[in-house]
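Encoded as structure tokens, the structure appears first; notes follow it.
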Amino acid sequence: MPRDSFNFSGLDRYVTRLAEISEGSEAALFYRDKNSYKGISSLKKLKYLKARQVNQGFLDEICDIENLELLSLSIISAHDLSPLLRLKKLRVLRLQEVLRVQDFSHLTSHAGLEGLYIEHARNLTTLDFLSDATKLIRLGVEGSMYTPQKIATLRPLSKLRSLEALFLTSVQLADKRLDYLSACKSLVELTCARFAPKENFEELSRLMPSLICQWFDKYEV
């Protein structure tokens, strides 16, 4: 199962002025320049949005675009993610370079979210907040190219019975056990770092023979 795509057909350049987005647009790429975001909530037909340099004011206004279904935020200086709960139609969310957020629990309170991707979150070290995300189908928690995401354990993911695809590249695990994932009965794809000993991958393969993971057959590189 592939990741959700964040490529919008016909759009390859971020704009910094709302005047560059037509009123009837369903998709947009917007880069905040000071307060240039003000008024973006008036673009009520937007369904797909990629936004960069997202401070709290920008996030608050984005969350008034009630028809958003897919949202990608990067370089996030906002500290409070709770406004995202206002986006009742949101199905896919990506957060990149999360600088100040301490509390990620609001993300799993969103009943309609199917795909969640968190990349390079400075203050994220535990997946405990995900233990109630029982409706998630696709999940990614990953670091950056040069900074792996340090995660305590995969144990909280054992309750995600709807999860079909899990992406954990550029991740370091403190607890190397992988068998927690065997409780995720719908899981068909695991794309991850080689973050545990070979025998741990072999055990997971034995417990989940239908699971696809590159390290099951080719652990040595």
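The values are calculated or read from the model by the stated rules, or taken from the named source; none is laboratory data. A quick note: this is a predicted structure, and the numbers were derived from the prediction, not measured. Glycine gets a Cβ as well: all are built from the backbone with ideal geometry, and neighbour counts include every protein chain shown. Ligands, DNA and RNA are stripped out before the accessible areas are found, and what is left, the full protein with its side chains, is counted by its heavy atoms. Shrake-Rupley method; radii C 1.70, N 1.55, O 1.52, S 1.80 Å.
Taken together, Y146, Y180 contain a single residue that is more than 21 Å from E114 (Cβ to Cβ) and at pLDDT 95 or above, which is Y180. Pairs are defined by a Cβ separation below 8 Å, a sequence spacing of at least 6 or placement on different chains, a first member in region 84-96 that is open to solvent by 50 Å² or more (accessible area, probe 1.4 Å), and a second member that is at pLDDT below 95; the pairs so defined are L85/H106; L85/S109; L85/H110; K88/G112; K89/G112; R91/G112.
Conditions tested, residue by residue: (1) part of a loop (DSSP other than H, G, I, E, B); (2) in contact with a Lys or Arg (Cβ under 7 Å, 6 or more places away or on another chain).
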{"residue": "N7", "(1), (2)": "yes, no"}
{"residue": "E23", "(1), (2)": "yes, no"}
{"residue": "L29", "(1), (2)": "no, yes"}
{"residue": "K34", "(1), (2)": "yes, no"}
{"residue": "Y37", "(1), (2)": "yes, no"}
{"residue": "S41", "(1), (2)": "no, no"}
{"residue": "K45", "(1), (2)": "yes, no"}
{"residue": "L49", "(1), (2)": "no, no"}
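Can N35 be described as in contact with a helix residue (DSSP H, G or I) (Cβ under 8 Å, 6 or more places away or on another chain), surrounded by fewer than 17 Cβ atoms within 10 Å (Cβ to Cβ) and of a type in the set (S, T, N, Q)? So N35 fits the description; yes. Regarding D12, is this residue farther than 21 Å from K89 by Cα and either touching a residue at least 24 places away in the same chain (Cβ under 8 Å) or not basic (K, R) (or both)? When the stated conditions are applied, D12 passes them. Within region 65-74, the presence of at least one residue that is more than 17 Å from the chain's Cα centre (by Cα), within 20 Å of Y31 (Cβ to Cβ) and either part of a loop (DSSP other than H, G, I, E, B) or without any contact (Cβ under 8 Å) to a residue 40 or more places away in the chain (or both) is confirmed.
For region 137-175, residues that are without any contact (Cβ under 8 Å) to a residue 24 or more places away in the chain and open to solvent by 30 Å² or more (accessible area, probe 1.4 Å) total 2.
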